[in-house]
Structures are given as structure tokens and as C-alpha cells.
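The values are calculated or read from the model by the stated rules, or taken from the named source; none is laboratory data. Because the structure is predicted, anything quoted here is derived from the model rather than measured. Here Cβ is always computed from backbone atoms with ideal geometry, including for glycine, and neighbour counts include all displayed protein chains.
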Amino acid sequence: MMADRETPRRLVSVGARRYRLTPADARFPEALADQGITELFCVGNLSVLKEPTLAVAGSRRATPYGIAASEIAGRVAAECDVVVLTSAAAGCEHAAARSALDGGGRVLIVSGCGADVAYPKSSLDVFEDAKASGSLIVSAERWGSLPKPEAFVRKSEIIACLASSLLVAEACDRSSTIRTARLARAKGANVYAVPGSIFSTNSAGTNCLLQEGAYPIASERDLMERIALDFDATPPQAEEAKTPLGAVLQALSAMPMRPDDLAEKADVSVLTMLRTILDYEEAGIVQRMMDGRYSLTPASYERLRSHADELSLI
């Protein structure tokens with residue numbers, strides 16, 4: 001018997017291409033082949049498979065708190081042009097997908113049925129809108145497959161393999177969501193968790209992830225900072241004035257630094273520093289290194305050498 005007692009619904013195939021990928025295809029994700037998955041059935045825009053993703057996971061029986069947190073995650077990801085990865089299950093994951101699509105973003109839906117089957121039926125809207133928005137639906141199950149327990153285990157494995165970062169909005173302890181988060185972390189993904197009440201069983205899992213070292217997401221701003229840092233994304237709106245050039249030159253003159261470390265050094269928010277760094281990078285003042293740190297450009301170092309006495313006036 002299906003967990004939420006809903007009948008799957010076959011998707012109309014008009015308007016979206018269907019693909020069957022194997023590891024021999026260059027478009028097949030290497031991480032899935034490493035996991036032992038040998039077929040991937042896809043509906044929609046295959047280019048989404050090559051893009052970084054923020055997975056949003058959470059309880060199917062979510063509280064209004066979990067739904068609200070998931071909606072924020074979907075909207076912020078869309079604003080930062082980051083693909084939302086989700087199973088589109090009822091509750092948190094449907095809310096995140098719906099919010100991302102409503103915000104003009106894209107989603108990567110991993111289904112526990114065939115990629116041409118919408119399940120649960122209550123999520124039919126996001127499956128249909130995903131096909132029409134340049135998004136993608138994928139599954140390791142053959143066309144037309146109905147839900148079965150082992151398929152949902154594979155679904156969780158695929159999400160863990162494809163997630164660049166994963167946010168748990170709300171989850172009980174020992175839930176499949178928490179197992180997915182731990183597997184994603186083991187595979188190198190950044191894991192975020194929304195803290196909840198110590199009296200809520202729905203937040204016991206997320207609070208446990210925080211104890212294990214997950215990044216706490218206590219506000220929309222926290223999430224925007226993490227996405228900006230982990231996805232090298234440009235924050236959508238300026239909230240504060242740019243950090244003075246002198247403060248950036250002084251901080252970077254000693255050694256290359258990451259934006260969050262620079263922000264702490266200059267005593268400004270991470271978002272402010274990110275906007276500043278992006279502006280100064282475009283102006284040729286700083287340059288991004290392969291490891292994500294920033295350094296001064298050769299021209300900036302020469303400016304420091306020639307005008308060291310003027311630095312405090314910049």
C-alpha cells in the first residue's frame with residue numbers, strides 16, 4: 001500500500017522530450033554511476049543535470065513552520081538562479097518546488113515512480129509546470145513504473161548524489177529525510193538545517209543535524225549568505241552600502257581570504273562583502289582563486305607598493 005494512499009497520475013508527454021540515459025552517455029551524472037545506478041529516465045531539459053543544485057528536503061506531514069521555511073528556500077534559490085532539487089513529495093518538498101517555479105526558477109525533480117508519472121497526485125501541478133519551465137524530471141525507474149519501497153530508497157540516493165548543497169527544512173529524527181541528508185554529506189554536499197523547537201518532534205531531526213555540524217539557517221538572510229558563498233551566486237538586491245576599498249585592500253594585502261573571512265575582518269555582513277567583492281572583481285581590483293579565496297590583482301599590489309602612504313586615504 002502506498003504511504004500517502006494517493007493514486008499516481010500519468011503525465012501528458014506533450015511539450016517535453018523524453019530521454020533514457022546510461023553511463024555510456026556523456027550526459028549521465030558520474031556520481032550516479034558510482035552509486036551503481038545504470039539507467040536514468042528523464043523528461044524535460046537535460047542541461048539541468050550539469051548545473052549546481054540546492055536540494056530541499058523535509059517532512060511530508062509538515063507543519064506551517066516547515067512549509068514556510070521550504071517556501072523561503074525555493075524563492076531564494078530562484079532569485080539566485082540556483083536549481084532546486086526535490087522529490088516533489090507532499091509537504092516541504094512540494095512547497096519548495098512550487099515556490100521556486102512561482103519565482104521564475106527551475107527545479108530538478110527526482111521521482112520514485114517513472115519519470116512520466118506524477119506522484120503524489122497532489123504534486124501534479126509542479127510536475128506539469130516543471131515540464132513547461134525548462135526544468136527536468138528524472139527517475140531510475142522505467143517508464144510508467146508505480147511506487148514501490150525500493151524505488152524510494154533509490155530516489156533518496158539519487159538526490160544525495162546530485163545535491164551540491166542540501167537544506168532540511170523540517171524532519172523527525174530517524175526519518176528518510178535525515179538519512180538522505182547524512183548520505184549527501186558523506187558524498188561531499190554542504191548540509192543546512194532549519195532549527196526548530198525542542199518540543200517539536202517534527203524538528204528533532206533538524207536539531208540533531210545541527211549538533212552534527214550542519215549549517216544553521218535561522219533566517220532568510222542566513223540562507224542567502226550560504227547560497228551566495230557555496231554557489232558563487234550574486235545576491236539579488238543590494239541591502240547595504242559597499243565596503244570601502246581601503247578596508248578590502250588592507251585585508252587582502254596580507255593574504256588571500258574567503259568572502260566570509262573578509263566580512264568578519266571588515267566588520268560587515270557577508271552579503272555586503274560579496275557584493276563589494278563582485279564589483280571590485282569586475283573593476284580588476286581583486287581576483288578569485290581556484291579555492292574560492294580572493295586576492296589582489298598584480299595591478300592592485302603595484303598600487304599598494306607605489307602608494308602605501310596613501311592607503312589610509314583610499
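Structure values in brief
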read-out	value
Residue among ALA181, ALA214 that alone is in contact with a Phe, Trp or Tyr (Cβ under 8 Å, 6 or more places away or on another chain) and more than 18 Å from GLY292 (Cβ to Cβ)	ALA214
Residue check, GLY144 in the same structural domain as SER200 (by TED's automatic domain parsing), in contact with a Lys or Arg (Cβ under 6 Å, 6 or more places away or on another chain), assigned to a loop (DSSP other than H, G, I, E, B) and modelled with pLDDT under 95	no
Condition check for GLY284: among the small types (Gly, Ala, Ser), surrounded by 11 or more Cβ atoms within 10 Å (Cβ to Cβ) and modelled with pLDDT of 85 or more	yes
Breaking point among (1) touching a Phe, Trp or Tyr at 6+ places or on another chain (Cβ under 9 Å); (2) surrounded by 18 or more Cβ atoms within 10 Å (Cβ to Cβ), for ALA57	(1)
Filter result (farther than 18 Å from ALA163 by Cα, without any contact (Cβ under 8 Å) to a residue 40 or more places away in the chain and either of a type in the set (Ser, Thr, Tyr) or buried (at least 23 other Cβ atoms within 10 Å of the Cβ) (or both)) within region 99-120	SER99
Meets criteria (modelled with pLDDT of 90 or more, in the same structural domain as ALA16 (by TED's automatic domain parsing), surrounded by fewer than 22 Cβ atoms within 10 Å (Cβ to Cβ) and out of contact with any Asp or Glu (no Cβ under 8 Å at 6 or more places or on another chain)) for LEU136	no
Count - residues of region 179-208 that are surrounded by 19 or more Cβ atoms within 10 Å (Cβ to Cβ) and among the aromatic types (Phe, Trp, Tyr)	1
Single condition SER123 does not satisfy, out of (1) crowded, with 24+ Cβ neighbours inside 10 Å; (2) of a type in the set (S, T, N, Q); (3) in contact with a Pro (Cβ under 7 Å, 6 or more places away or on another chain)	(3)
Output for region 157-202, where each listed residue is among the β-branched types (Val, Ile, Thr), part of a strand (DSSP E or B) and either over 19 Å from GLU225 (Cβ atoms) or not assigned by TED's automatic domain parsing to the domain that holds ALA95 (or both)	none
Listing of helices (runs of 4 or more DSSP H) fully contained in region 13-113 that carry 3 or more residues being under 13 Å from the mean Cα position of the chain (by Cα)	64-79, 92-102
SER145 vs. criteria over 15 Å from ALA89 (Cα atoms), free of Cβ contacts under 8 Å to residues at least 40 places away in the same chain and buried (at least 17 other Cβ atoms within 10 Å of the Cβ)	yes
Any pair with Cβ under 7 angstrom, 6 or more apart, that starts in region 268-292 at a residue that is farther than 12 Å from PRO244 by Cβ and ends at one that is part of a loop (DSSP other than H, G, I, E, B) and of a type in the set (Asp, Glu)	SER269/GLU240; LEU271/GLU239
Test: residue in region 11-24 that is farther than 16 Å from PHE127 by Cβ, modelled with pLDDT of 90 or more and in contact with a Ser or Thr (Cβ under 8 Å, 6 or more places away or on another chain)	yes
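Each row is one residue, and each column tells you yes or no for (1) farther than 26 Å from CYS42 by Cβ; (2) among the aliphatic types (A, V, I, L, M); (3) touching a residue at least 24 places away in the same chain (Cβ under 8 Å).
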position	(1), (2), (3)
VAL153	no, yes, no
SER165	no, no, yes
ASP173	yes, no, yes
THR180	no, no, yes
ILE198	yes, yes, no
SER203	yes, no, yes
